[in-house]
Each structure stands twice: as structure tokens, then as C-alpha cells.
1. Amide H to amide H under 5 Å from Tyr402: which residues, 5+ apart in sequence or cross-chain, H placed 1.01 Å off N in plane?
2. Rounded to a whole number of µm²/s, how large is the Stokes-Einstein D of the range 250-302 at 20 °C and 1.002 mPa s, given Rh as the Kirkwood radius over C-alpha pairs?
3. Let me have the relative contact order for the range 118-201, percent, based on Cα pairs under 8 Å that are six or more residues apart.
4. Quick one: which residues, 5 or more positions from Met339 or on another chain, have an amide H under 5 Å from its amide H? H modelled 1.01 Å from N in the peptide plane, none for Pro or chain starts.
5. Give me the log10 of I(q) over I(0) for the range 185-263 at q = 0.17, 0.27 Å⁻¹, as the Debye formula computes it from C-alpha points; what are the numbers?
6. Whenever you get a sec, compute what percent of the accessible area on the range 99-183 sits on carbon and sulfur atoms (1.4 Å probe).
7. Exactly which GluC sites (Glu not before Pro) in the range 248-345 are in a DSSP loop and have at most 10 other Cβ atoms within 10 Å?
8. Where does each of 210-216, 352-358 land if you order them by average Cβ count within 10 Å, highest first?
Amino acid sequence: MSKLTPETPSNHSDDTPPNKKNGEINETVDTPIDSEPAAVDESRVQQEQTDSSADKIEADKAPATDISLIGAEKTSRHYETDHQSFFMQRGYQILLVVGLIAAFLLVMVYQTLFGRITQSQQMVTIEPGQTYYGLLPQWQNVPLFSASIAKFYIKSQVDAPLHAGIYQIPENPTVAEVLQVLEQGAKAAMVKVQIIEGKTSKDLYQALRDNKGIKKEVLTADADNASIAQALDLVGILPDSVINSDDPIVNHNLEGWFSPDTYYYGEGTSDKQVLTDLYKRQQQALAKAWENRAPDLPYKSPYEALVMASIIEKETSVAAERPIVSAVFNNRLNKGMRMQTDPTIIYGMGSRYEGNIRRKDIDEKTSYNTYQIDGLPPTPIALPSAASIEATLHPADSQALYFVATGNGGHKFTNSLAEHNQAVRDYLSVMREKKSQTPPQ
């Protein structure tokens, strides 16, 4: 019986079990020693081919994937991803810059319209011809305030022109709040209240009584100094010597405490409101000047400075002369000299004054006549302006002790009595010359 060799296929094709793979041999094959390596190699080749076929079959069963295509897609996606990332990054940068600019503009708009200026509640007088734009500089210290934004807001939101009047501005206001207050003034009928510097509180009271647009609450027909002071409830602003004085002119006299100016109020405003507003303005002006006053002044209190300011107001209407007039009275008080100022004689005479000061008037001792009393009169003698208050507390650097009118406007200031007497003679000479040139009537 001959032996099978690898080159000779088996004649028993049916001997291969059905569950065995093709090419597997279950029989033990006797082969010559020298032919075994060839048989082993052939068997291994067949096994590898069989395994490769099995792997291919398994791969065919899985979803088809082309490795080369996968590599191509990855390369393409990678390129496209880099390309989109570049533009996306640039887009993000642009969006960030635009967002920052928009945020900055929003903050500017907010600060411009709603940023608050630091100030106390106060009354503001708007004169005829003033504009909304003219009110904007006071907000320049608000961080990020923009006048251009404020002007655009006014132009787009405010319909009526700025109406002259006096307005109460709230504490620490915003532009939007002030505009709202001012807009209300345009909707109301306004009445004019005018009181000139150097006029008296009596003049003010009468002006308010005569104004038909002002409602009378305080200035009734039988009102006097005491009732007016009580109605206004201005506690603590008058010295005890004024409150308890037996002189009817002095007693509870609020002279000097109302700021002279031109004001506009809504029709129907009460006299109490007007007087309270004017008092607050004057009190603020006095407090500010007193806080910043020059050193070594002879005034013991702000009230004494107010008294002096009223005298300066009456003595000169020339703004440039106020500080030197202040220096004259300051020097006289420091030397213990009497002030000897004519307006005090007139005020002390009250309703008895008829336009001329006579010798007997100079010699008459009243509560106010500074020819007859030492120091200051007991109360102011007029309503002084803020400029006169400032001049009182900041006198000029001068040694002058006298002054007299020149007859041509202004005054002549001198340091000695001899110089003063000569200035008086010069004044009288000018007045005689003017009188001689006046045609008879």
C-alpha cells in the first residue's frame, strides 16, 4: 500500500468531516524526513491563506471602510477646520471689540443722563434767553459725561424752550431729573418777582403784596416783623438783642436775610415759599463767604458780616469800589473809630426820612445812627448782594479811613482827615458848578 505525499491529493474527499475547514488534515501522515519541511511550509501557506480568507470574509461582513478615503477625509477636514478657526477667531475678536465699544457707549449714555452731580438742594433762577445747553457745564466732573450725548438727548426729547423762572433743583441731581423739573416750568404760567440790591425787606414785602400772581399767606394786612418771622419759622438766625429789642424797627427785623435778584415763579406760588427760597439763597451765600473769609476781620459772627455787607451795598453801586469801601470800614472798626455812614441815619429814621439829611438828623441818636453809636448797627440796613458779602469778608489791602463822593461818579478814598476835608471841598465845588449850569425851571 503506497503512502500519500503532499503533492498527491487524497482520493477520499468524503473523509473530511463537514465541520472542518477546507485544507485541514486530520490524518497522521508519514512523510520522509527530508520532505517534512516542505510539507510543513505548504501547510502553513495554506493556513495563512485560509486565515486571510476568513479575515476578508469578516471584513466583508463589517461596514465597508476605505482606509485611504478615511485618511483623505481627515486631511481635508483638518484643513477646513484650521481655515474656519482662523476666521472664527478673527470674528470673535471683532465681536469683542464691537461689544466693548457698545458697552463703553452705554456707560457714557448712562453716566451722562443719570450720573449725579454732588450738590445740596437749591433754588436756580433761569433768566430770559438762557438755554438748556448752558446748564450742562456743571456736570463736566461726572465721570464719562458727554456734552454731545446730553445735547442730543435734549434735542430729541425736549420740545418746549427753557422757560424763565425759579426752580427747586433736588439734591445730587442728574441731567434727566433737572430737565424734568425745567420742563414743568414751561407748562405753568410764571410771575416775575424783582428785588434790586440795596432795597429793603420792606420793599420786598410790598412787591409781593402788590403781585397778583403770588398767594398771600404771610404778608397779610396786619403782619409785622414778629409775625413774619414766626410764620417763616426762621429759628436762630437773629441775635437775642434783635428779638428782644424795644425798638419796633429792630424787633424781629429780618432785614438783610433775603437775596435780591429777579425771580420767576409759577402763578399761585405763596409768599411764604418765595421768602423761604430767598432766605435760603442768602444764607448759602453768607455761609460760603464766611467759611472762606480773610483772616483778622473784626466780625464775630456771620450775622455781623451781613450787617456790614448791607452798609457796603448802600454806600456804592460801583462794583470795583466794594472791596476798598470794605477796607475803610474794616480799618475804622479796628481803630475804634465810629463808622459815620449816612445810610445808617436814613434807616434809623424809618418813615420820617423825607429825602434829605439835616444836621439834627446827624445829631439824633437812634439805634442805627453810626455817627452816634459805636460799632455796627443792630441789624442790616438793606438786602445786600452776594458781591457785597464777598467784599465784606475779603477787603482790599488799603489803609484808607475816609471816602467821599467825587460828584462825577465814584468816590475819593483818603488816609487822613486833612486829605478827606480837601476831598469834601472838591466835591462841594463840583456840585456848585453843576448847579450853576442847570437851567432854571
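1. So Tyr402 has HN proximity to Thr414.
2. Answer, rounded: 163 µm²/s.
3. Across the range 118-201, relative contact order equals 40 percent.
4. Residues meeting the amide H criterion: Gly375.
5. Values returned for q = 0.17, 0.27 Å⁻¹ are -0.75, -1.40.
6. 59 percent
7. Filter output for the range 248-345: empty list.
8. Descending mean neighbour count gives 210-216, 352-358.
The values are calculated or read from the model by the stated rules, or taken from the named source; none is laboratory data. Only a predicted model underlies this, so the values are computations on that prediction, with no experimental measurement involved. A quick note on method: Cβ atoms are made from the backbone with ideal geometry, for glycine too, and the neighbour counts reach across all protein chains shown. Please note that ligands, DNA and RNA were not included when accessible areas were found on the heavy atoms of the full protein model with its side chains. Shrake-Rupley method; radii C 1.70, N 1.55, O 1.52, S 1.80 Å.
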